[in-house]
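J.: I'd like to ask you about the structure that follows.
The values are calculated or read from the model by the stated rules, or taken from the named source; none is laboratory data. Predicted model only: the values in this text are computed from it and were never measured. Here the Cβ positions follow ideal geometry from the backbone for every residue, glycine too, while neighbour counts run over all protein chains shown. Surface accessibility is based on the protein's heavy atoms, side chains included, excluding ligands, DNA and RNA. Shrake-Rupley method; radii C 1.70, N 1.55, O 1.52, S 1.80 Å.
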Amino acid sequence: MSILGKRAARPHDTTALIAGIAAFTTWGLIPGYWKLLNGVSPPEILAHRFVWTSLFLIGLLSWQKRWPEVNATTSSRRATVFCLTAGLAVATNWFFFIFAVTTNRVLETSLGYFMTPLVNVLFGAIFLREQLTRLQFLSVLLAATAVLYLTFGYGHFPWIALALCTSFGLYGLLRKKSGTAAIPGLFIETISLVPIALTYLLFLKQTGTFTFGPANLSMSILLITTGIVTAVPLFWFGHAARHLRLTTLGFLQYLAPTGSFFLGVFVYHEPFTRGHLITFSLIWIALAIFSTEAILRWRATRVREVAIPLVRPI
């Protein structure tokens, strides 16, 4: 790349880094937003999230003029099936996250998202037949040990953490197989579940347990903004993913569970026992090994790319 090209790329890199930090920081602090909805049941929050996210995405797709991407995806039966199943995976993930926050288990959400990169590696080996390196295998083994310790040593099976990392890992796998961009793909995933969400909200209204309406104006406004809170960080993440190295994104992703960890321990004062400390320490060691291995592989790839032109035949 020429010097001029590098200079032109710098503004994009800077804005992408800012967007990436904003996305993962928002995801890390988002439990504070869900705490404001404590008076609403998790299923109703989830239903509203699908409805308002879909409406927000309709406006965003229209503004960006990206409807041809949506049409191209829906014209492919394979991509559509993967998007529909991804929608079920993300619905599961959203439900358990909202449930965990509203039942004062923010710390367990942090554990789940710290484990997610390791689960992604494991799923890659199982479903995509990607070979695990020794360091990757050691990382996964340490994560499994952490879960077993928390289960048998502390007497508490971290089912929410496992549900979150498993559902999000499956979501990432299905999105990878679908080959769709972030915003068009999310729209198809959410709009496909809107009929179920609307049916459930109508049921709540008929039974007199519907929270939304003039009688609960402030809560209704918060429920409407679930669409913005869901879609905007994904928009930032999409910009970051297009312009940042995967290694940089890999490190930025730890901002989210770190933010949730500090919220759970220092803001909401959830119990943090010796068992939690040992469990989190094992996960952090596993992530350190995993990240070091990723950096070494990236550097080796860069060295090979630089070396190839040097061995060209004259």
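J.: Only one of these is assigned to a helix (DSSP H, G or I), open to solvent by less than 40 Å² (accessible area, probe 1.4 Å) and under 15 Å from THR180 (Cα atoms): VAL51, VAL70. Name it.
T.: Of the residues listed, the single one that is assigned to a helix (DSSP H, G or I), open to solvent by less than 40 Å² (accessible area, probe 1.4 Å) and under 15 Å from THR180 (Cα atoms) is VAL70.
J.: Need the failing condition index for PRO257 against (1) within 22 Å of the chain's Cα centre (by Cα); (2) open to solvent by 20 Å² or more (accessible area, probe 1.4 Å); (3) at pLDDT 85 or above, just the number.
T.: (2)
J.: Identify, from the list GLY39, GLY59, the residue that is open to solvent by 20 Å² or more (accessible area, probe 1.4 Å) and either more than 24 Å from VAL101 (Cα to Cα) or part of a helix (DSSP H, G or I) (or both).
T.: After applying the criteria, what remains is GLY59.
J.: If I filter segment 170-194 down to residues being within 19 Å of ILE224 (Cβ to Cβ) and assigned to a helix (DSSP H, G or I), which single residue comes out as modelled with the lowest pLDDT?
T.: Residue satisfying both the conditions and the ranking: LEU186.
J.: Could you please let me know if GLY153 is in contact with a Gly (Cβ under 6 Å, 6 or more places away or on another chain) and either among the acidic types (Asp, Glu) or at pLDDT below 85 (or both)?
T.: On the way: in contact with a Gly (Cβ under 6 Å, 6 or more places away or on another chain): yes; either among the acidic types (Asp, Glu) or at pLDDT below 85 (or both): yes.
For GLY153, the condition - in contact with a Gly (Cβ under 6 Å, 6 or more places away or on another chain) and either among the acidic types (Asp, Glu) or at pLDDT below 85 (or both) - is met.
J.: Within segment 191-212, work out how many residues are under 10 Å from CYS83 (Cβ atoms) and either of a type in the set (Val, Ile, Thr) or under 19 Å from the mean Cα position of the chain (by Cα) (or both).
T.: So the count comes out to 1.
J.: Take the conditions without any contact (Cβ under 8 Å) to a residue 40 or more places away in the chain, open to solvent by 60 Å² or more (accessible area, probe 1.4 Å) and touching a Phe, Trp or Tyr at 6+ places or on another chain (Cβ under 9 Å) and apply them to LYS205. Does it pass?
T.: yes
J.: I'd like to verify a number: residues in segment 129-155 that are touching an Asp or Glu at 6+ places or on another chain (Cβ under 9 Å) and outside any helix (DSSP H, G or I), how many?
T.: Going through segment 129-155 one residue at a time, the tally reaches 1.
J.: Restricting to segment 172-187, name every residue that is under 17 Å from TRP67 (Cα atoms) and either among the hydrophobic types (A, V, I, L, M, F, W, C) or out of contact with any Ser or Thr (no Cβ under 8 Å at 6 or more places or on another chain) (or both).
T.: Passing the criteria: GLY179, ALA181, ALA182, ILE183, LEU186, PHE187.
J.: Consider GLY20 carefully, then state whether it is open to solvent by less than 20 Å² (accessible area, probe 1.4 Å) and not β-branched (Val, Ile, Thr).
T.: So GLY20 passes the test.
J.: Condition first: at pLDDT below 90, closer than 19 Å to GLY250 by Cα and among the aliphatic types (A, V, I, L, M). Now tell me which residues in segment 120-139 satisfy that.
T.: VAL121, LEU122, ALA125, LEU132, LEU135
J.: Further question: Under 6 Å by Cβ, and 6 or more places apart or on different chains, what pairs join a residue from segment 137-150 that is within 9 Å of ALA286 (Cβ to Cβ) with one that is in a helix (DSSP H, G or I) and of a type in the set (Phe, Trp, Tyr)?
T.: That search, which allows pairs on different chains as well, returns SER139/PHE290.
J.: Taking the options PHE97, PHE24, PHE82, name whichever one is in contact (Cβ under 8 Å) with a residue 40 or more places away in the chain, under 30 Å from GLN206 (Cα atoms) and of a type in the set (Phe, Trp, Tyr).
T.: Working: PHE24 fails: under 30 Å from GLN206 (Cα atoms); PHE82 fails: under 30 Å from GLN206 (Cα atoms).
Unique residue meeting the criteria: PHE97.
J.: Here's another thing I want to ask about it. Out of (1) in a helix (DSSP H, G or I); (2) in contact (Cβ under 8 Å) with a residue 24 or more places away in the chain, the odd one out for ASN104 is which?
T.: All conditions are met except number (1).
J.: So, in segment 223-275, exactly how many residues are closer than 20 Å to LYS176 by Cβ, among the β-branched types (Val, Ile, Thr) and in contact with a helix residue (DSSP H, G or I) (Cβ under 6 Å, 6 or more places away or on another chain)?
T.: Total satisfying the criteria: 1.
J.: Here's something else I'd like to know. Taking the residues in segment 214-250 that are free of Cβ contacts under 8 Å to residues at least 60 places away in the same chain and open to solvent by less than 20 Å² (accessible area, probe 1.4 Å) as candidates, determine which candidate is farthest from PRO117 (Cα to Cα).
T.: Out of the qualifying residues, it is SER220.
J.: How many of the residues in segment 91-139 are among the acidic types (Asp, Glu) and open to solvent by 60 Å² or more (accessible area, probe 1.4 Å)?
T.: 1
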